[in-house]
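Have a look at the structure below before the remarks.
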Amino acid sequence: MSSFAILTDVTRCTGCEECVLACKSLNETGDRDAPRKWQGKATDLSSTRWTTIAHTEDRHVRVHCRHCLEPACAAACPVKALHTTEEGVVAYDPSICLGCRYCMMACPFSMTRYEWESANPRVRKCILCYDKMKAGEIKEPGCTAACPEKATIFGERDALLVEANRRIKDRPDLYLDHVWGEHEVGGTSVLYISDVDLASAGWPADLTNDGVPHLADKVLETVPTTFAGVGLAMAGIHWVIGRRNKLAAEAAAAHAAAEAENTVDTPEDEEQS
Ligand code: SF4
Ligand code: SF4
Ligand code: SF4
């Protein structure tokens with residue numbers, strides 16, 4: 001089965017950001033896109049902005065998770081919280097995520113973000129609206145449905161590759177002869193065609209056509225020591241919380257005993273009543 005995919009035609013994009021708004025609305029990520037200290041701009045990808053537009057001097061290029069066919073993020077995840085579905089979507093299960101963020105270190109496109117300010121933080125990225133499509137709530141992702149120019153379209157990867165190559169063949173005067181994502185890092189399910197080199201819009205220039213499991217391996221080399229550190233930290237936190245709960249329970253018991261003592265009727269009380 002060919003995987004779900006998105007084809008973005010950079011020559012058709014006007015930069016209106018309807019796709020961004022639709023993503024935020026459908027995935028209920030909220031209005032707030034406050035710039036973080038480490039962010040260049042408030043409009044960069046963030047935990048509340050899973051897709052954005054890189055506005056260059058004369059082009060507008062969609063940015064979101066590329067749904068790699070061999071995702072380094074999933075390879076680096078020790079518990080498979082990030083995983084590839086049978087439809088080829090790189091999906092996420094927050095219920096088993098450890099919060100280790102190895103996926104973020106492994107991604108060759110730097111597409112994942114983290115809810116740093118949340119008490120129960122999750123990794124956030126485009127999930128191709130997989131949950132809502134799977135539930136039958138929508139037939140295509142919010143971003144592609146919202147695009148007024150049909151600059152970004154949804155379909156099966158094989159069919160979108162045929163469409164991309166057809167457009168390039170029909171207009172060799174317009175397009176560069178390249179489908180971004182067809183081969184890079186082993187292939188991605190988010191494809192682009194363009195009249196300018198996408199390196200100018202942040203597409204990493206040094207990617208090979210091989211999968212990038214070595215990026216995951218590099219991250220996982222740090223796992224034993226990091227887990228030992230995390231384990232110790234968790235044990236420490238557990239001890240502190242346990243100790244705090246124990247002291248609170250003892251204080252409550254002492255308070256209750258004192259209250260009970262004060263409310264016990266004395267013989268004088270009984271005489272007065
Ligand atoms: S672009 Fe990054 S986050 Fe998305 S599937 Fe590929 S490795 Fe994972
Ligand atoms: S596919 Fe869904 S989650 Fe991904 S950018 Fe589009 S609207 Fe957002
Ligand atoms: S909605 Fe379409 S035209 Fe507008 S920014 Fe997104 S991809 Fe470009």
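The values are calculated or read from the model by the stated rules, or taken from the named source; none is laboratory data. Note that this is a predicted model, so its numbers are computed, not measured. Quick reminder, even Gly has a Cβ in these numbers, built from the backbone with ideal geometry, and neighbours come from all protein chains shown. Protein only, heavy atoms only, side chains kept; ligands, DNA and RNA dropped before computing areas. Shrake-Rupley method; radii C 1.70, N 1.55, O 1.52, S 1.80 Å.
Kindly state which strands (runs of 3 or more DSSP E) lie completely within the range 50-118 and contain at least 1 residues that are open to solvent by 60 Å² or more (accessible area, probe 1.4 Å) and closer than 25 Å to Asn209 by Cα.
Answer list for the range 50-118: 82-84.
Go through the range 79-101 and report how many residues are touching a Leu at 6+ places or on another chain (Cβ under 7 Å) and more than 19 Å from Ile6 (Cβ to Cβ).
1
Please work out which one of (1) modelled with pLDDT under 95; (2) within 16 Å of ligand 3 (Cβ to nearest atom) is the condition Trp38 fails and give its number.
Evaluating Trp38 over (1) modelled with pLDDT under 95; (2) within 16 Å of ligand 3 (Cβ to nearest atom) leaves (2) as the failure.
Is there a residue being open to solvent by 60 Å² or more (accessible area, probe 1.4 Å), at pLDDT 95 or above and within 16 Å of ligand 2 (Cβ to nearest atom) anywhere in the range 171-187?
No, the conditions are met nowhere in the range 171-187.
Under 8 Å by Cβ, and 6 or more places apart or on different chains, what pairs join a residue from the range 8-25 that is assigned by TED's automatic domain parsing to the domain that holds Gly181 with one that is near ligand 3 (Cβ under 7 Å from one of its atoms) and assigned to a helix (DSSP H, G or I)?
That search, which allows pairs on different chains as well, returns Glu18/Ala146; Cys19/Cys143; Cys19/Ala146; Val20/Cys143; Leu21/Ala146; Ala22/Cys143; Ala22/Ala146; Cys23/Cys143.
Among the numbered criteria (1) modelled with pLDDT of 95 or more; (2) surrounded by fewer than 19 Cβ atoms within 10 Å (Cβ to Cβ); (3) not polar (S, T, N, Q), which single criterion is violated by Cys147?
It fails just one condition, (2).
Evaluate the following for Cys143: is it part of a helix (DSSP H, G or I), within 18 Å of Leu26 (Cβ to Cβ) and either among the aliphatic types (A, V, I, L, M) or within 16 Å of ligand 3 (Cβ to nearest atom) (or both)?
Yes; evaluated as a whole, the condition is true for this residue.
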